[in-house]
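The values are calculated or read from the model by the stated rules, or taken from the named source; none is laboratory data. This structure is a prediction, so every number in the text was calculated from the model and none was measured. In this analysis, Cβ positions are derived from the backbone assuming ideal geometry, glycine residues included, and neighbour counts consider all displayed protein chains. These area figures cover heavy atoms from the full protein model, side chains too; ligands, DNA and RNA do not enter into them. Shrake-Rupley method; radii C 1.70, N 1.55, O 1.52, S 1.80 Å.
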Amino acid sequence: MVLLLLCACAGGRAERRGGTVLFASGADLQSINPLLTIHPLAKQVQRYVLLTTLARYDSTLTPRPYLARAWRWSEGGRTLTFMLRTDVYWHDGHRTTARDVVWTLDAARDPATGYPRANDLAAVAAVEAPDDSTVVLRFTRRAAVGFPDVLVDLAVLPAHLLDTVPHTRLREADWNRRPVGNGPFRFVAHEPNRRWVFAANPDFPAALGGRPALDRFIVVVVDEPTTKLAALVAGEIDFAGINPAHAAFVRRHAGLAVVDYSLIFPYGLVFNTRRPPFDDARVRLAAALAIDRREIVDGYLFGFGAVADGPVPPTVPGYLPVPPLPLAPDSARRLLAGRRPRFEILAVGSGEAPLEQMLQARLTAVGFEVSIRQIENSAFLDRVYGPRHDFAAAVMGVAGDLGLGFLQPLGDVTGIPIPPDPAAAQRIFAEQLPVVWLYHARGVQGMNARVLGVRMDVRGELPTVAAWRIAP
């Protein structure tokens with residue numbers, strides 16, 4: 001079914017697609033609205049495909065002008081002023097103005113919206129637009145004089161299409177189904193759980209790169225890893241995240257390449273401390289001491305990752321070194337003291353669950369009784385992040401950010417409050433163990449070598465998508 005869909009929407013094999021690139025995702029994008037999603041690929045599509053942000057990181061992670069042509073701090077770090085470009089237009093013909101930026105930031109700051117990174121805007125007292133091309137942010141206290149990471153992450157939305165929608169009902173807005181952007185690609189179509197189609201925007205400003213070299217960029221949903229791999233090898237898709245175990249296999253195929261790159265994407269066994277058995281700190285510690293993280297990196301990731309002692313990779317600014325947890329199964333058994341805690345590991349997927357089975361084996365060996373339940377992504381997000389927090393333990397990756405704003409929201413998931421200060425947050429994770437951090441993932445993408453200009457790095461898979469081109 002999936003392969004037939006790919007052939008129908010893209011004309012079959014790679015050589016027949018011309019300027020259309022197909023990028024496989026293991027799940028639908030959750031939401032195209034940047035105020036509502038935590039899905040990593042969805043956020044990249046928002047930032048690099050459909051919409052624009054005030055600034056964007058270059059390959060050295062230096063903020064560069066984008067929708068904002070310049071900015072300056074004043075009043076001792078309490079005021080940040082942006083000067084906007086005046087040649088960026090929404091795809092319905094309206095000009096992008098300061099009003100759009102003000103509306104987006106005010107909606108993000110409103111708790112009724114539920115923006116996942118609202119805490120990163122907590123120090124913003126007011127957002128003002130003295131004219132159509134100027135935005136002023138006023139802070140309640142002196143801010144670190146640099147560029148706030150959240151403003152590189154949060155794409156700007158069209159106020160003229162959304163300002164009549166109550167913030168509590170943004171998830172129901174028509175814009176989410178038929179989005180109008182202002183970025184290098186225009187929205188064409190969305191078939192739920194199948195594909196998102198975007199076409200090159202011929203009116204994108206030349207100073208920002210102009211019309212993309214690609215004609216179309218299509219995100220296709222392929223949830224089975226083996227199906228995705230087969231489609232990549234057959235030339236029916238151009239990009240596919242692959243299992244590290246398949247990297248050597250992909251490299252052997254002429255016309256294909258493997259790209260691996262750093263990510264801020266820690267994986268962990270996340271505990272719900274609101275309910276037994278992980279409301280007991282001794283049980284959490286026992287589980288942590290039972291798990292062989294080196295075994296996971298070597299045997300599951302084939303070296304495409306690093307053992308994690310906390311949620312922040314050591315190469316990221318703001319990393320706080322903490323004492324590593326040893327592999328100590330005998331200590332784990334002593335902590336359980338003859339008890340046999342029973343729980344279910346919740347995970348996304350429908351396959352063999354090799355990572356979850358490795359965890360199950362190690363935990364069972366010290367006295368836990370562990371079952372595994374795999375469900376599809378949207379159901380997983382609802383159970384873990386939803387208001388009921390209907391899980392005992394979940395295996396999951398967490399999409400990080402350079403501002404480390406991803407740490408505090410994990411308090412809502414685990415039930416242990418996490419402070420906003422990144423250093424203090426890392427100490428809480430080390431001391432109270434609401435998560436057993438397993439590894440820092442590296443991205444591993446198989447790609448068709450016909451696509452040129454591809455650079456993947458800590459920013460993600462798509463930061464250069466507007467410059468991708470097809471080999472002659």
Problem set entry | Distance from segment 373-389 to segment 202-261 (C-alpha centre basis), Å | 28 Å
For this session: Go through 377-387, 298-308 and give me the packing order, highest mean Cβ count within 10 Å leading.
Result: 298-308, 377-387
Seminar exercise, completed: In segment 295-370, the GluC sites (Glu not before Pro) that sit in a DSSP loop and have at most 14 other Cβ atoms within 10 Å of their own Cβ are Glu352
Exercise. Taking every eigenvalue of the Cα gyration tensor of the chain, multiplying by 5 and rooting it, what semi-axes result, largest first, whole Å?
Worked result: 37, 29, 19
Exercise. Ordered by packing density, taken as the mean number of other Cβ atoms within 10 Å over each peptide's residues, highest first, how do 172-180, 84-92 rank?
Worked result: 84-92, 172-180
Exercise. Going toward the positive end of the dipole of segment 98-247, with +1 on Lys and Arg Cβ and -1 on Asp and Glu Cβ, which of Ala231, Leu162, Pro244 do you reach last?
Worked result: Pro244
Exercise. Trypsin sites (Lys or Arg not before Pro) within segment 232-314: which are DSSP loop residues with at most 15 other Cβ atoms inside 10 Å?
Worked result: Arg252, Arg274
Exercise. What is the sum of charges around Arg95, taking Lys and Arg as +1, Asp and Glu as -1, for the other residues whose C-beta is under 11 Å from the C-beta of Arg95?
Worked result: -2
Seminar exercise, completed: With label points set 7 Å from each Cα along the Cα-to-Cβ direction at Arg282 and Gln374, the distance between them in nm comes to 3.6 nm
Exercise. Taking K and R as +1 and D and E as -1, what net charge do the other residues with C-beta under 12 Å from the C-beta of Asp58 add up to?
Worked result: +3
Exercise. If you add up the charges near Met83, with Lys and Arg at +1 and Asp and Glu at -1, over every other residue whose beta carbon is less than 9 angstrom from its beta carbon, what do you get?
Worked result: +3
For this session: Determine one quarter of the surface area of the Cα convex hull of segment 31-163, which equals its mean projected area, and express it in nm² to one decimal.
Result: 7.9 nm²
Exercise. For segment 319-374, which trypsin sites (Lys or Arg not before Pro) are in a loop by DSSP, counting at most 16 other Cβ atoms within 10 Å?
Worked result: Arg339
For this session: Would you work out the charge dipole size for segment 13-136 about its Cα centre, treating the Cβ of every Lys and Arg as +1 and the Cβ of every Asp and Glu as -1, and quote it to the nearest 20 debye?
Result: 480 debye
For this session: Tally up the carbon and sulfur contribution to the accessible surface of segment 50-90 as a whole percent, 1.4 Å probe, everything protein left in place.
Result: 46 percent
